[in-house]
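See structure below.
The values are calculated or read from the model by the stated rules, or taken from the named source; none is laboratory data. Computed from a predicted structure; not experimentally measured. Neighbour counts run over all protein chains shown; Cβ positions are idealised from the backbone, glycine included.
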Amino acid sequence: MTDLRMAPAALAVWIAAWLLTGPGAGWTGPAAWVTAVLVAAACLHLLLTAGRTRGAGRTLGAGRPTVAHTALAAACALAVTVSAHVQLAGRAPLGDLAEQRVTATLTGLVVSQPEPFSFAPGSFAPGAGQHRWVLAARGVEARGVGSAARAHVQVLSSTAPRYGATVTVSGALRPAEPGAAETARLTAYSTSEIRAPPAGLRVLDTHRTALLDVTDPLSAQGRGLVPGAAIGDTTRLPDDLAEEMRTAGLSHVTAVSGGHFAVVVAVLTLLCSLARLPRPVRVALVALASLAFVALVRPEPAVLRAAVMAAFALTGVAIGRPSQSVPALAASVVGLLVVDPWLARSFGFALSAAATGGLVLLAPPLAARLAPWTGDAAAFALAVPLAAQVACGPVLVLLDPSVSTVSVLANLLAAPALVPATVLGLVATVLAPGLPTLAGFVAWAASGATWWIAAVAHWCATLPGAVVPWSGGPAGALLLAALTAVVLWVVLRRAPRPGWPESWRTAARSGLREVLAARRRRLTRARVLTLLAAGSVAALVVVVAVPRLAVRSDIPRDWLVVACDVGQGDALALRTGPTSAVVVDVGPDGPAAGRCLDELGVARVDLLVLSHFHADHVGGLGPVLAGRDVAAALVSPVPEPAANAAATGAALAAADVPVGVAQTGHRGTAGYLTWQVLQAGAGEGANDSSIVLAARTGGLDVLALGDLEDAGQAELAPLAGRTDVVKVAHHGSAVQSRALAERLRPAVALVSSGRDNDYGHPTDEALDLYAGVGAAVVRTDECGTVALVVRGQEVSLAGC
């Protein structure tokens, strides 16, 4: 039977930690007293009943499981409450300085691997060379006064310090987000290393760097996936592949967790067995290797959970009593949350714990019910990804309001390549510093396994209906959890059934004729032909009709650029991933822009660009914000008309969308799209202050001109160059620059205007101008929503 005695304690600790690290942070003191009283009351009750139970020959607490479990849960909750109270008291001084937004100099230890970062906090400054990392601050100097500090600070700097180094960093302190593990944020203007990392970390860093060097000659997927599968380094993973893996449910391949530890421990155990080493030596070697592996991949939340569970397993092996998975998972959760209560708010930690819990609790019963139908091996192969998907689904909905319908299939297909990719990648990591040539060959072999993973991710992510939109936030997560629980109850409430009917099995062994004879029926040739015809028609429907019905609209699934028909206004979508896009303007008031994005399957807007504040460009903001997750917004530097600018700002603030004011030269990346602001605020008035956005996606260069008029187009012309697609300025008005059109010479000119509008847009002058420079002019007033795709190095138009 599954031992669930520690589960209530783990759940109580998680709830307490989550509450105390958020809005309830100020109640840690009273909460500690309340939980202490509960623990004392439960223990007193157990002591008072001890005499009666001992007289009957029973142990303390026997017959009182509810009280004993309550006492254990309360004791664990007390421990995490006291821990949160002590740590919050240590964070308070630095938090107060952050609230005052002072300039400070911090000294501390780098406790996270620096990662590239696209934007500086609160602005859209170019992200080249920016790195984000976490500092465990131990000293702070502000306003000429130095003091001790004990808190984590998120740092954004132009230099990437070494992991484990002691550094001094100066910059502007800002408050962290509520509930964040870090006390404050700091934008650094200077960083200096005052003590190198320990020798062991320097050796491991050499291995990390050497692995990147030996994988550099590989293909794009190999350069990104081999280090990702081996050590969790995703800095070179192509954005489009990362998005496809997320859509297909394969992101765990590059997220080091229990699977990686299982591979490492299994390989080391096998080698120790072959060498016939005694048990104490085996345990010691595996423990040392596990510690080295944690330091190599960095102690992220999921890694810590896996490492602690591995420690429980090793302890069980050492004393001759292998630990059970559920108690080990619960004890790991309790111990880690007591040490760091802010892990309760970490999605990585939650996903790791949920996946492990799903595997140990759900995989065996699901496999037992599948085995009669599929056989033992296939049942286990199906049950593992199914259990993980079921357990992680509600958590994933909080991150992205959608549900992957291909995750189980993708994991089933990718499973044979996971172990080779991980093992060969780790071998290449070990060999890289001393034997780079051999390590390069091993990495090349690993890239063969990762090629298959990448191919599976691409194929599954591009299947019709690969992602189904879902309600976001806690409500969506609870709804999915409730539906999942109902389905599991229906499936698991009965014992496993026998499987296929015996007559079907006989048919499989003996053939169709024997079964039909046993049933005293004979098929004539005409009936056979009729059945074959019916089967062919059914197969045709499945292969052809069903995928077509799954497509949400007439727009092809591989669209790259879409001009939405929003009437007299602008709304342009530039694809960044399977379900994400950069959106330029949202059209006039009404649901048209939101409906267009729904038809395109856009669940996430990586960047929302509002070229200027005229109503035909910002009026449709509400439905766009309501229907999807918007990561950031970029707005014109000229807030005219003032009423529209104020209403737009209020709507973005209400939706918690970070807003930046565009400046010429700002640039960044979103998925597999790169963008740059060529011009912003060039002239007077709202139209000539339009943001001019240049973007590249899927091999297409796109330029959106907003509503630029004479002055703005004249200033832009010397800066512009040849491009593939142009969104023509001001809906094709008569005010068009010939010099600009001749500089651009686009293959496609998109004109967004309303049917029979009162402005006479688009004008013949504008249409003739762009047709004269060789462009195919496409109008939304005639064609409706139109899309551009690239197939076989050729640009194709759909929707007109």
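Data table
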{"read-out": "Helices (runs of 4 or more DSSP H) wholly inside region 699-800 that include at least 3 residues being in contact with an Asp or Glu (Cβ under 7 Å, 6 or more places away or on another chain), farther than 25 Å from residue 636 by Cα and modelled with pLDDT of 90 or more", "value": "none"}
{"read-out": "Residue within region 391-407 that is over 19 Å from the mean Cα position of the chain (by Cα), assigned to a helix (DSSP H, G or I) and surrounded by 16 or more Cβ atoms within 10 Å (Cβ to Cβ) present", "value": "no"}
{"read-out": "Within region 573-602, considering residues that are among the hydrophobic types (A, V, I, L, M, F, W, C) and in contact with a Phe, Trp or Tyr (Cβ under 9 Å, 6 or more places away or on another chain), the one surrounded by the fewest Cβ atoms within 10 Å (Cβ to Cβ)", "value": "600"}
{"read-out": "Options 426, 438, 431: the member that is assigned by TED's automatic domain parsing to the domain that holds residue 232 and touching a Phe, Trp or Tyr at 6+ places or on another chain (Cβ under 9 Å)", "value": "426"}
{"read-out": "Filter result (closer than 15 Å to residue 647 by Cβ and either out of contact with any Ser or Thr (no Cβ under 8 Å at 6 or more places or on another chain) or among the charged types (D, E, K, R) (or both)) within region 627-636", "value": "633"}
{"read-out": "Considering residues of region 214-235 that are touching a Pro at 6+ places or on another chain (Cβ under 7 Å) and surrounded by fewer than 19 Cβ atoms within 10 Å (Cβ to Cβ) only, the residue modelled with the lowest pLDDT", "value": "235"}
{"read-out": "Unmet requirement for residue 226, which otherwise passes all of (1) part of a loop (DSSP other than H, G, I, E, B); (2) over 23 Å from residue 408 (Cβ atoms)", "value": "(1)"}
{"read-out": "Helices (runs of 4 or more DSSP H) completely within region 1-97 that count 1 or more residues being surrounded by 18 or more Cβ atoms within 10 Å (Cβ to Cβ) and modelled with pLDDT of 65 or more", "value": "7-20"}
{"read-out": "Test: residue in region 337-355 that is touching a helix residue (DSSP H, G or I) at 6+ places or on another chain (Cβ under 9 Å), surrounded by 21 or more Cβ atoms within 10 Å (Cβ to Cβ), of a type in the set (Phe, Trp, Tyr) and under 28 Å from residue 474 (Cα atoms)", "value": "yes"}
{"read-out": "Complete set of residues in region 160-179 that are within 23 Å of residue 297 (Cβ to Cβ) and at pLDDT below 85", "value": "none"}
{"read-out": "Residue match in region 671-687 (condition: of a type in the set (Ser, Thr, Tyr), at pLDDT below 90, within 32 Å of the chain's Cα centre (by Cα) and more than 21 Å from residue 610 (Cβ to Cβ))", "value": "yes"}
{"read-out": "Close pairs (7 angstrom Cβ cut-off, 6 or more residues apart or separate chains): over 11 Å from residue 186 (Cα atoms) in region 148-159, crowded, with 18+ Cβ neighbours inside 10 Å and among the β-branched types (Val, Ile, Thr) anywhere", "value": "149/140; 151/183; 159/191"}
{"read-out": "Residues satisfying the stated conditions in region 637-658, i.e. in contact (Cβ under 8 Å) with a residue 40 or more places away in the chain and more than 19 Å from residue 605 (Cβ to Cβ)", "value": "637, 638, 640, 641"}
{"read-out": "Residue count, region 582-591 (criterion: on the phi < 0 side of the Ramachandran plot and modelled with pLDDT under 90)", "value": "2"}
{"read-out": "Subset of region 408-430 that is crowded, with 21+ Cβ neighbours inside 10 Å and of a type outside the set (A, V, I, L, M) - its residue that is farthest from residue 244 (Cα to Cα)", "value": "429"}
{"read-out": "Subset of region 272-303 (residues that are among the small types (Gly, Ala, Ser) and within 30 Å of residue 348 (Cβ to Cβ))", "value": "284, 287, 289, 290, 292, 295, 302"}
{"read-out": "Residue match in region 467-485 (condition: modelled with pLDDT under 80 and under 30 Å from residue 416 (Cβ atoms))", "value": "no"}
{"read-out": "Scan of region 566-613 for residues that are of a type in the set (D, E, K, R) and more than 25 Å from residue 756 (Cβ to Cβ), ordered by number", "value": "575, 598, 604, 606"}
{"read-out": "Subset of region 434-448 that is assigned to a helix (DSSP H, G or I) and not aliphatic (A, V, I, L, M) - its residue that is surrounded by the fewest Cβ atoms within 10 Å (Cβ to Cβ)", "value": "437"}
{"read-out": "Residues satisfying the stated conditions in region 608-629, i.e. closer than 13 Å to residue 586 by Cα and not in a helix (DSSP H, G or I)", "value": "608, 609, 610, 611, 612, 613, 614, 619, 620, 627"}
{"read-out": "Filter pass, residue 310 being touching a residue at least 40 places away in the same chain (Cβ under 8 Å) and either assigned to a helix (DSSP H, G or I) or not assigned by TED's automatic domain parsing to the domain that holds residue 14 (or both)", "value": "yes"}
{"read-out": "Number of the condition not met by residue 279 [criteria: (1) within 25 Å of residue 210 (Cβ to Cβ); (2) at pLDDT below 80; (3) of a type outside the set (Gly, Ala, Ser)]", "value": "(1)"}
